[in-house]
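Visitor: Take a look at this one; I'll ask things after.
The values are calculated or read from the model by the stated rules, or taken from the named source; none is laboratory data. Since the structure is predicted, the reported quantities are computational estimates derived from the model, not experimental observations. Heads up, the Cβs are rebuilt from the backbone with ideal geometry, glycines too, and the neighbour counts pull from every protein chain shown. For accessibility, only protein heavy atoms count, side chains too; no ligands or nucleic acids. Shrake-Rupley method; radii C 1.70, N 1.55, O 1.52, S 1.80 Å.
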Amino acid sequence: KLICCAGDKGGYVGLWDVDAVATPETDNNHGVSLFRPHSRPICCLEWLNNHNMVSASYDGSVRRLNVEKGVFEEIFATYDDSDTTYLGDVGYGLDQGYSYWTQFVTTDHRYKGTSNPCLFVSTSFGEVFHLDLRVAEKKMITFHESVSDKKINSVSLHPNGTTLATGGLDGTVRLFDIRKFRDSRGSSRSPKPLCKQVAGLSISSSFFSPSGKSLLTTSFANKLDLTVDAHLKAGGETIK
């Protein structure tokens, strides 16, 4: 069965059963189911498996859809430190005010297929962090780094499981070795990239191909950059 999904700026998520045959007796929506799991724009929709999908939003929450039940369950959210109600939550203290939001969320393919995922999350403050949600009682942030002084629109993990590509508003794609990432909140240090590529204008997306051979980048410069073996670069060099 082919299911298409889409999210909008009002926090709505629509699922379309493409092969559904609508009849007046059974379905007046032509195979479309509409939900509103979030209160702000949707920034991510990604299937974990045949039964679960992850949605994320600028409202700071990540939810998991149970397709059989038609229910979105919150599995993560960011909070500021003004309300100690959420003191024990892994997202407590992450929210830094009005201009802070979760910009991009994607699953960690090393653990894809499980209902409780690991996630890479980027923020409007230029941060990237990794969430391990596999055990509900032991949710944790495994690293939290500042990789730019502007928002990060795209995060992609190479099939090798160690090279992470980030890109965003500053117009630069950076590749990092995540084995060197730490939880650097409260520190002035920033990780050094393996290499970088300057697009000139805001990066819309930068993703590794399934084989990892190529890195495809799109930007507001109205061009596509296809780079071969970017993950083999080192020493902080700038890719042409």
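Visitor: For the structure I just gave you, tell me whether residue 71 is within 26 Å of residue 138 (Cβ to Cβ) and over 19 Å from the mean Cα position of the chain (by Cα).
Guide: Details: within 26 Å of residue 138 (Cβ to Cβ): yes; over 19 Å from the mean Cα position of the chain (by Cα): yes.
Yes: the conditions hold for residue 71.
Visitor: So the check is Cβ under 9 Å with 6+ separation or different chains; which pairs have a first residue in the range 81-101 that's free of Cβ contacts under 8 Å to residues at least 60 places away in the same chain and a second one that's open to solvent by 60 Å² or more (accessible area, probe 1.4 Å) and of a type in the set (Lys, Arg)?
Guide: 89/139; 90/139; 91/139; 93/185; 94/185
Visitor: Let me ask something else. In the list 20, 6, which residue meets the criterion of being among the hydrophobic types (A, V, I, L, M, F, W, C) and assigned to a loop (DSSP other than H, G, I, E, B)?
Guide: Details: 6 fails: assigned to a loop (DSSP other than H, G, I, E, B).
Answer to the check: 20.
Visitor: Identify all residues within the range 229-240 that are open to solvent by 80 Å² or more (accessible area, probe 1.4 Å) and either in contact with a helix residue (DSSP H, G or I) (Cβ under 9 Å, 6 or more places away or on another chain) or of a type in the set (A, V, I, L, M) (or both); write none if there are none.
Guide: 232
Visitor: Working only within the range 156-176, note down all residues that are assigned to a loop (DSSP other than H, G, I, E, B) and open to solvent by 20 Å² or more (accessible area, probe 1.4 Å). I'd like the intermediate steps shown before the answer.
Guide: Of the range 156-176, the ones assigned to a loop (DSSP other than H, G, I, E, B) are 158-162, 169-171.
159, 160, 162, 169, 170 - these are the residues of the range 156-176 that are assigned to a loop (DSSP other than H, G, I, E, B) and open to solvent by 20 Å² or more (accessible area, probe 1.4 Å).
Visitor: Can you name the number of the only condition in (1) open to solvent by less than 30 Å² (accessible area, probe 1.4 Å); (2) in contact with a Lys or Arg (Cβ under 7 Å, 6 or more places away or on another chain) that residue 153 fails?
Guide: With (1) open to solvent by less than 30 Å² (accessible area, probe 1.4 Å); (2) in contact with a Lys or Arg (Cβ under 7 Å, 6 or more places away or on another chain) applied to residue 153, the lone miss is (2).
Visitor: Now for a different question. Quick check on my filter: what residues within the range 125-150 are in contact (Cβ under 8 Å) with a residue 24 or more places away in the chain, surrounded by fewer than 19 Cβ atoms within 10 Å (Cβ to Cβ) and not in a strand (DSSP E or B)?
Guide: 125, 139, 150
Visitor: May I ask you to list the residues in the range 214-228 that are of a type in the set (A, V, I, L, M), outside any loop (DSSP other than H, G, I, E, B) and surrounded by fewer than 18 Cβ atoms within 10 Å (Cβ to Cβ)?
Guide: From the range 214-228, those of a type in the set (A, V, I, L, M) are 215-216, 221, 224, 226, 228; that's our starting set.
Subsequent filtering for residues that are outside any loop (DSSP other than H, G, I, E, B) retains 215-216, 224, 226, 228.
Residues satisfying the conditions are 216, 224, 226, 228.
Visitor: Consider residue 179 carefully, then state whether it is within 16 Å of residue 130 (Cβ to Cβ) and surrounded by fewer than 13 Cβ atoms within 10 Å (Cβ to Cβ).
Guide: Working: within 16 Å of residue 130 (Cβ to Cβ): yes; surrounded by fewer than 13 Cβ atoms within 10 Å (Cβ to Cβ): yes.
When the stated conditions are applied, residue 179 passes them.
Visitor: So residue 188 ticks every box in (1) surrounded by 13 or more Cβ atoms within 10 Å (Cβ to Cβ); (2) within 20 Å of residue 147 (Cα to Cα); (3) not aliphatic (A, V, I, L, M) but one. Which box is left unticked?
Guide: (1)
Visitor: Could you tell me which of the residues 205, 211, 190 is within 27 Å of residue 90 (Cα to Cα), hydroxyl-bearing (Ser, Thr, Tyr) and not in a helix (DSSP H, G or I)? Step through it out loud before you land on a result.
Guide: Numbers: 205 fails: within 27 Å of residue 90 (Cα to Cα); 211 fails: within 27 Å of residue 90 (Cα to Cα).
Result of the check over 205, 211, 190: 190.
Visitor: A follow-up question, please. Quick check on my filter: what residues within the range 27-41 are open to solvent by less than 30 Å² (accessible area, probe 1.4 Å) and at pLDDT 95 or above?
Guide: Looking only at the range 27-41, we keep the residues that are open to solvent by less than 30 Å² (accessible area, probe 1.4 Å), and these are 31, 37-38.
Once the filter is applied, which keeps residues that are open to solvent by less than 30 Å² (accessible area, probe 1.4 Å) and at pLDDT 95 or above, the range 27-41 yields 37, 38.
Quick grid of which residues meet (1) within 24 Å of residue 135 (Cα to Cα); (2) in contact with a strand residue (DSSP E or B) (Cβ under 8 Å, 6 or more places away or on another chain); (3) assigned to a strand (DSSP E or B); (4) at pLDDT below 90:
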{"residue": "45", "(1), (2), (3), (4)": "yes, yes, yes, no"}
{"residue": "50", "(1), (2), (3), (4)": "yes, no, no, yes"}
{"residue": "56", "(1), (2), (3), (4)": "yes, yes, yes, no"}
{"residue": "64", "(1), (2), (3), (4)": "yes, yes, yes, no"}
{"residue": "75", "(1), (2), (3), (4)": "yes, yes, yes, no"}
{"residue": "89", "(1), (2), (3), (4)": "yes, yes, no, no"}
{"residue": "98", "(1), (2), (3), (4)": "no, no, no, yes"}
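Visitor: Is it fair to say residue 19 is open to solvent by 60 Å² or more (accessible area, probe 1.4 Å) and modelled with pLDDT of 90 or more?
Guide: no
Visitor: A further question on this structure: Here are the criteria: (1) out of contact with any Ser or Thr (no Cβ under 7 Å at 6 or more places or on another chain); (2) within 29 Å of residue 143 (Cβ to Cβ); (3) part of a loop (DSSP other than H, G, I, E, B). Tell me which single one residue 30 does not satisfy.
Guide: Just one mismatch for residue 30, condition (2).
Visitor: Also, I was wondering about something else. Please specify each residue of the range 31-48 satisfying the condition of being more than 15 Å from residue 73 (Cβ to Cβ) and more than 16 Å from the chain's Cα centre (by Cα).
Guide: Scanning the range 31-48 gives 31, 32, 33, 34, 39.
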